[in-house]
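One structure is given here, and the rest of the page talks about it.
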Amino acid sequence: MLRLLMDYRLLVPLALVLGLAPYPFAPEPHLVEKSRMLANGTLARPVDIFDLVWHVWPLALLGFQAGRDVGRLLSGGRTRR
C-alpha cells in the first residue's frame, strides 16, 4: 500500500486535488486562508487544524518523495541501509 501511495502517478494528482485545493477561490484559495490563520495564531478550532493537515499531507509527501529521488540521483544511486 505504501508503495502505491509513493508512486508519482497517484501522488501528483493527490497533491493537485487535495493540496492545492483552489476552491473556494474567492476571496483567497483555501490553503492560503488556512496558512494565514496558522501564521496569525487564529487556527484554533479542531476542524480547521484537521483541514490544514488534510490539505498539506499530499504536498509534504510529494516533497519528501521528490527530495528522496533527487538525493538518490545526486549520490549516484547509492542507498543507505
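Scanning the range 37-62 for residues that are more than 26 Å from residue 8 (Cβ to Cβ), charged (D, E, K, R) and not in a loop (DSSP other than H, G, I, E, B) turns up just one, 48.
At pLDDT 90 or above, out of contact with any strand residue (DSSP E or B) (no Cβ under 6 Å at 6 or more places or on another chain) and loosely packed, with under 12 Cβ neighbours inside 10 Å - does that describe any residue in the range 30-39? Let's see the steps before the verdict.
From the range 30-39, those at pLDDT 90 or above are 36-39; that's our starting set.
Next, from what is left, pick out any that are out of contact with any strand residue (DSSP E or B) (no Cβ under 6 Å at 6 or more places or on another chain): 36-39.
Filter again for loosely packed, with under 12 Cβ neighbours inside 10 Å, leaving 39.
Yes, the range 30-39 contains a residue that is at pLDDT 90 or above, out of contact with any strand residue (DSSP E or B) (no Cβ under 6 Å at 6 or more places or on another chain) and loosely packed, with under 12 Cβ neighbours inside 10 Å.
The values are calculated or read from the model by the stated rules, or taken from the named source; none is laboratory data. In this text the structure is predicted, and so the values were computed from the model without any measurement. Glycine also receives a Cβ, built like all others from the backbone with ideal geometry; neighbour counts cover every protein chain displayed.
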